[in-house]
Amino acid sequence: MSGDEGSTVVAADGAYLMMDDILERLKMLDYEAQFKRFKPLSHTYFAMASSNPNEQFFYFMSLCSWLMGLLGTEWQTPSQMDDPNSSASSLYAKLQEVGAPTHFGGWQKLKAGFGEPCCLILKWLLEQIPIEFKPALHTEEAEYEEAAVDEEAVDDTANMADEVGDAENEEEEYYHGGGGEGAAAAGRGKLTDSILDSQVEPEAWRIELERVTPQLKMQVLSDPKEWRNRLVNTKSHQTTLVALTPETSVTLERLAEELERTLGALKKAESKLNTQCADAVSEYADKQDELQKRMDEYNNNSDTINALTNELHSVSEDLSQVKERMDTRGASMTDTSPLVKIKSALSKLRTETKQLEIRIGVLTHTLVAKKVKEASSSREKAASKIGKALDGGEYFDDDDDTLDDI
């Protein structure tokens, strides 16, 4: 990581850290009540770029104007239609007047509406505002109010009372044996006597009554979907609308007038810009046409270049193959290893030939010796036969084969 990248990362981290402090101090000042038309700030709103830069810059300017007002310095918030350059330079000049830190490199840093310079300005302005913590106010709980009772609910209550009375009579008859009116009268007399002779202290009785009195009040809940309630709500809403209509109408009329003035100013500025920039617009159109022509020519040349590049690639491949074959043949022609192999093979053949000749000579000698031996043995046999024949007086002719053999 280079030095510039490291400084950028440190600056971003500083902006995130300052943004947490800024948001906490703004919440202490109850900024949400003053900026209802803006969305609540997040922990990274002024530390990073927003999807709506214009809104982010206007939010920053509005916050600076409000904080300066809390410090007793008047600086009017610029409108969203104003030039961001003039707004940023005006704010930078005002910050220099109040003594804010402006060592971050000029008003151009404030034009973005986010980053470390913006967070530094907001933090400095918030630190100059003393935050007072008022003691908490504890209000007493509102007294229990009885709900409105409609006619149907009153009828239901009467029916409920009748049912409760009938149930009490049935219970009394059950416990007193159901002995008719006499038994019931006797039971009621005993009950009355027991109540009159109660031993409960008056003060304790009064305390108990105070404790249970709120619980004895019956709350009748009405259905909000019932048509009478809807009619009452409709009338109350109508009264509210009638009361708010004059003020709202005046506000809407004022907004309409401001919008008309703004639209008129925009139309005048647009016509003025069109008049002033007519030559530039025509020149821009000519340049645009020329650029389109150059782009078409570039595309055509690009296609030609691609075709020639492909052809060059194929020719280069063929050339590399031819070079490879030539290198192979040249290496084989200048290489003496085959000749050395042939010489070694010839010398080996000569050696083997000598060995074969020696073996042939040995075999020939062996055969000759064998034949000589056979011839000498046959001669000896013939001589022995001749000697035997001489001893026996036998005569042989000259033409005898045996003599011929001898």
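The values are calculated or read from the model by the stated rules, or taken from the named source; none is laboratory data. Predicted model only: the values in this text are computed from it and were never measured. As a convention, Cβ positions derive from the backbone with ideal geometry for all residues, glycine included, and neighbour counts pool all protein chains shown.
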TODO: With the condition kept exactly as written, say whether any residue in segment 78-96 is out of contact with any His (no Cβ under 9 Å at 6 or more places or on another chain), over 30 Å from Glu258 (Cβ atoms) and either of a type outside the set (A, V, I, L, M) or not assigned by TED's automatic domain parsing to the domain that holds Leu266 (or both).
DONE: yes
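Residue-by-condition table, conditions (1) under 43 Å from the mean Cα position of the chain (by Cα); (2) under 24 Å from Ser79 (Cβ atoms); (3) modelled with pLDDT under 90; (4) charged (D, E, K, R):
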residue: Asn229; (1), (2), (3), (4): no, no, yes, no
residue: Val232; (1), (2), (3), (4): no, no, yes, no
residue: Gln238; (1), (2), (3), (4): no, no, no, no
residue: Glu258; (1), (2), (3), (4): yes, yes, no, yes
residue: Asp279; (1), (2), (3), (4): no, no, yes, yes
Open item on the list: I'm checking my understanding of the structure. Among residues of segment 59-89 that are acidic (Asp, Glu) and more than 16 Å from Gln108 (Cβ to Cβ), which one is surrounded by the fewest Cβ atoms within 10 Å (Cβ to Cβ)?
Closed with: Glu74
- [ ] For segment 69-109, enumerate the residues that are touching a residue at least 40 places away in the same chain (Cβ under 8 Å) and within 22 Å of Met19 (Cβ to Cβ).
- [x] Leu70, Leu71
- [ ] Identify, by number, the condition in (1) surrounded by 18 or more Cβ atoms within 10 Å (Cβ to Cβ); (2) at pLDDT 85 or above that Trp107 doesn't meet.
- [x] (2)
Task: Scan of segment 42-53 for residues that are surrounded by 14 or more Cβ atoms within 10 Å (Cβ to Cβ) and farther than 15 Å from Ile121 by Cβ, ordered by number - done: Thr44, Met48, Ser50, Pro53
Task: When residues of segment 94-129 are limited to those that are of a type in the set (Val, Ile, Thr) and within 20 Å of Glu24 (Cα to Cα), the one farthest from the chain's Cα centre (by Cα) - done: Ile129
Task: So Leu63, is it more than 17 Å from Ser87 (Cβ to Cβ), of a type in the set (A, V, I, L, M, F, W, C) and in contact (Cβ under 8 Å) with a residue 12 or more places away in the chain - done: no
- [ ] Please work out which one of (1) touching a residue at least 60 places away in the same chain (Cβ under 8 Å); (2) surrounded by 15 or more Cβ atoms within 10 Å (Cβ to Cβ); (3) closer than 24 Å to Gln128 by Cα is the condition Gln56 fails and give its number.
- [x] (1)
TODO: Please work out which residue is modelled with the highest pLDDT, limiting yourself to segment 330-340 and to residues that are surrounded by 10 or more Cβ atoms within 10 Å (Cβ to Cβ) and not β-branched (Val, Ile, Thr).
DONE: Gly330
